[in-house]
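Note sheet for the following structure.
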Amino acid sequence: MPPKTSRPAPIPSASAGGTLSSRAYGRIREAILSGELPLGAPISGRRLAARFRMSLLPVAQALRQLENDGLVESRPRAGTVVRVPTWEDVRGHYVVREALETQSARLFAERATVAERRELRAMAAALDALYAGTGGGRQDANRVPAAFHHRIAECAGCPELLRA
């Protein structure tokens, strides 16, 4: 099994320029992350190539990169499927996320300005309202918490932590 990269590649936009393989990569990745291609679903490179109106080569390159990223897996004589994460995968991601968020919070506590603290309190109130069922729709259920944690990392003043 090829090694998995520790950090996912940037997400190329499906409509963005770039190589055909990077566009195929972005479209397939988005289909996986959105659930359009569910966990364990078989993936046909030929069908994707036809759907994207491109040759099989860029789609195959995209699938290899997605396999390196750990999103798909290829099995001899069985084909390519959307990878189902193991318990260890999920646990490992939570351990890393906890470490990153803890470090972000520590640095935020040390470095945040009064205005940044006020801004985070307002964002926390919006997040509380969302969880209480009084603020926003389904789209906000993913966007608001991500923006909150991203802003904490920004205020921490460590670009490497923010990228991670």
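The values are calculated or read from the model by the stated rules, or taken from the named source; none is laboratory data. Worth saying up front: this structure is predicted, and the values here are computed from it rather than measured. Glycine gets a Cβ as well: all are built from the backbone with ideal geometry, and neighbour counts include every protein chain shown. Just so you know, the surface numbers come from the protein's heavy atoms only, side chains and all, with ligands and any DNA or RNA stripped out. Shrake-Rupley method; radii C 1.70, N 1.55, O 1.52, S 1.80 Å.
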Considering every residue within the range 125-147, establish whether at least one is surrounded by fewer than 12 Cβ atoms within 10 Å (Cβ to Cβ) and either modelled with pLDDT of 90 or more or in contact with a strand residue (DSSP E or B) (Cβ under 9 Å, 6 or more places away or on another chain) (or both).
yes
Does Leu120 count as among the aliphatic types (A, V, I, L, M), in a helix (DSSP H, G or I) and either open to solvent by less than 60 Å² (accessible area, probe 1.4 Å) or touching an Asp or Glu at 6+ places or on another chain (Cβ under 8 Å) (or both)?
yes
So which of Ala105, Ala50, Ala41, Ala62 is farther than 21 Å from Ala146 by Cα, open to solvent by 40 Å² or more (accessible area, probe 1.4 Å) and among the small types (Gly, Ala, Ser)?
Ala50
Of all residues in the range 52-109, which are free of Cβ contacts under 8 Å to residues at least 24 places away in the same chain and part of a strand (DSSP E or B)?
Ser74, Arg75
Residues of the range 70-100 being open to solvent by less than 70 Å² (accessible area, probe 1.4 Å), under 16 Å from the mean Cα position of the chain (by Cα) and not basic (Lys, Arg), which ones?
Gly70, Leu71, Val72, Val82, Pro85, Asp89, Val90, Gly92, Leu100
